[in-house]
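Inspection log for the structure reproduced underneath, given as structure tokens.
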Amino acid sequence: MSKELTSASGKWLPEWTPARALWLRWPYRADIFAAAGAEAQSELLALLSRLKDETLAIHLMVPGAERAKAEQALASLDGPEVILHEVDYGDVWLRDCAPFVGADGVHRHFAFDSWGGIDDQWPLDIMARDWLSRTLQAKTKRFDVVLEGGAIYTDGEGTGLACTGSTIFRGNNEQWSQAAFAASLKESLGIEKVLWLPGKLSADETGGHVDNMACFLGPGLVALNMPASPTHPDYATCRRVLNFLERAKDAQGRRLEIVRMPLPKMPRLTAQEADSIEARPGIRRRIAGMPLMASYLNFIRAGDLVIMPEFHVPEDDQAFQVLSAALPSCRIIRTPTRGLLVGGGGWHCASWVEPELEAQGD
């Protein structure tokens, strides 16, 4: 076991760490997004326009075949400077295959299996991750467990938050016992205690990512989805997770303060959207009427900046108010997300934040 990786300086950084840059990918897959990503592209541009006054560096990855289209769209955008990188990748879900960065600057690379094998383009995502670490000239360390960036949170003080379905119960992790998996997280990320949440949201196609269910807002502070109505299909699951968290203690022995976030009724893929998505072997088929994973907790946090998804439903305003009250020192930006949901994720999934390592004293 590496002393470098288990020391305090090697702990995985929490999302409120000061940020150097935000990395995004251009949506383009005709077999995943409606109309080859047209609405998702518009939403990406809308997000970028909302970052016009931010000092955060913005990087956008785009495949060579899409570069001219992306450049044309950015040229007419009233937004920040965007640094374009031509690189191939499987899909936009950068978070799930990106490096985990510790305060030591080491990029931890975990195994990635496209959420249990629902997209055969995943080797390109591995190549793009390796390209990213090379581009940032980072030291790397590889670990054998399958672990996606949306599957776990840290409070930066030794506590992890994860759902079991996408971690210890993932098929390609079956050789790992829960104790062995937890030991790997301690070695790789400095996580001393994992709070294993009992359940997943019904529309989550990843096996159960915690970034749809709950997240740390700070040490000892957890946000959790809680539907207003007992008729919501996820009400019982969220209530079970709430009961678990109310009894839990973190790695420091603290009880948790829990912020309850609204969870809207899941939108459905329309027949028009489904008809515009190319069906082919090797990729999960997207069928009209299937629920889409709409969660306000699938937000981007880059230090004191929060980019919250909105879904054009009444709960949007309530979610903004709850998050603003819970994070009074943060700037919270709202951005449309409906087209992105069609592909199976939200803005947290579709982003990666490069931390400001100098702020860690390195």
Q | Failed item in (1) in a loop (DSSP other than H, G, I, E, B); (2) touching a strand residue (DSSP E or B) at 6+ places or on another chain (Cβ under 7 Å), with Gly156 passing the rest | A | (2)
Q. Is there any pair linking a residue in region 325-336 that is touching a residue at least 24 places away in the same chain (Cβ under 8 Å) and closer than 25 Å to Leu44 by Cα to one that is among the basic types (Lys, Arg) and surrounded by 18 or more Cβ atoms within 10 Å (Cβ to Cβ), with Cβ under 8 Å and at least six apart or on different chains, and which?
A. Cys330/Arg301
Q: Could you check, for region 41-53, whether at least one of its residues is more than 23 Å from Phe311 (Cα to Cα) and of a type outside the set (Phe, Trp, Tyr)?
A: yes
Q. Can you spot a residue in region 231-239 that is among the small types (Gly, Ala, Ser) and closer than 26 Å to Leu94 by Cβ?
A. no
Q) Restricting region 346-362 to residues that are of a type in the set (Gly, Ala, Ser) and more than 17 Å from the chain's Cα centre (by Cα), which is nearest to Pro219 (Cα to Cα)? A) Ala359
Q.
I'm told Ile277 meets every condition in (1) surrounded by 17 or more Cβ atoms within 10 Å (Cβ to Cβ); (2) outside any helix (DSSP H, G or I); (3) within 21 Å of the chain's Cα centre (by Cα) except one. Can you identify the failing condition by its number?
A. (3)
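Per-residue answers, yes or no, for (1) surrounded by fewer than 17 Cβ atoms within 10 Å (Cβ to Cβ); (2) at pLDDT 95 or above; (3) under 28 Å from Trp352 (Cα atoms):
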{"position": "Thr231", "(1), (2), (3)": "yes, yes, no"}
{"position": "Val241", "(1), (2), (3)": "no, yes, yes"}
{"position": "Gln252", "(1), (2), (3)": "yes, yes, yes"}
{"position": "Ala271", "(1), (2), (3)": "yes, yes, no"}
{"position": "Leu305", "(1), (2), (3)": "no, yes, yes"}
{"position": "Asp316", "(1), (2), (3)": "no, yes, yes"}
**Q.** Output for region 45-64, where each listed residue is under 18 Å from Leu340 (Cα atoms) and hydroxyl-bearing (Ser, Thr, Tyr)
**A.** Ser49
Q) From the set of residues in region 195-207 that are farther than 12 Å from Thr237 by Cα and in contact (Cβ under 8 Å) with a residue 40 or more places away in the chain, which is farthest from the chain's Cα centre (by Cα)? A) Leu195
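In region 312-345, how many residues are within 27 Å of Ile32 (Cα to Cα) and either among the β-branched types (Val, Ile, Thr) or over 17 Å from the mean Cα position of the chain (by Cα) (or both)? Walk me through how you get there before you give the answer.
Pass one, region 312-345, residues within 27 Å of Ile32 (Cα to Cα): 312-313, 315-316, 333-345.
From what's left, either among the β-branched types (Val, Ile, Thr) or over 17 Å from the mean Cα position of the chain (by Cα) (or both): 312-313, 315-316, 333, 335, 337, 342.
Here the count works out to 8.
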(Q) Looking at region 24-51, I want the residues that are touching a residue at least 40 places away in the same chain (Cβ under 8 Å) and acidic (Asp, Glu) and have a partner that is surrounded by fewer than 22 Cβ atoms within 10 Å (Cβ to Cβ) and in a loop (DSSP other than H, G, I, E, B) with Cβ atoms under 8 Å, at least 6 apart or on another chain. Which pairs are those? (A) Asp31/Glu278; Asp31/Ala279; Asp31/Arg280
Q | region 105-127: number of residues that are touching a Gly at 6+ places or on another chain (Cβ under 8 Å), surrounded by 20 or more Cβ atoms within 10 Å (Cβ to Cβ) and assigned to a loop (DSSP other than H, G, I, E, B) | A | 1
Q) Of the numbered conditions (1) touching a strand residue (DSSP E or B) at 6+ places or on another chain (Cβ under 6 Å); (2) more than 30 Å from Arg284 (Cβ to Cβ); (3) of a type in the set (A, V, I, L, M), Ala70 satisfies every one except a single condition; which is it? A) (2)
Q: Among what's in region 128-143 and is under 14 Å from Glu354 (Cα atoms) and free of Cβ contacts under 8 Å to residues at least 24 places away in the same chain, pick the residue that is surrounded by the most Cβ atoms within 10 Å (Cβ to Cβ).
A: Arg134
(Q) So Asp96 ticks every box in (1) charged (D, E, K, R); (2) modelled with pLDDT under 95; (3) crowded, with 22+ Cβ neighbours inside 10 Å but one. Which box is left unticked? (A) (2)
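The values are calculated or read from the model by the stated rules, or taken from the named source; none is laboratory data. Everything numeric here is computed off the predicted structure, so don't read it as measured data. All Cβ positions, glycine included, derive from the backbone under ideal geometry; neighbour counts span all protein chains shown.
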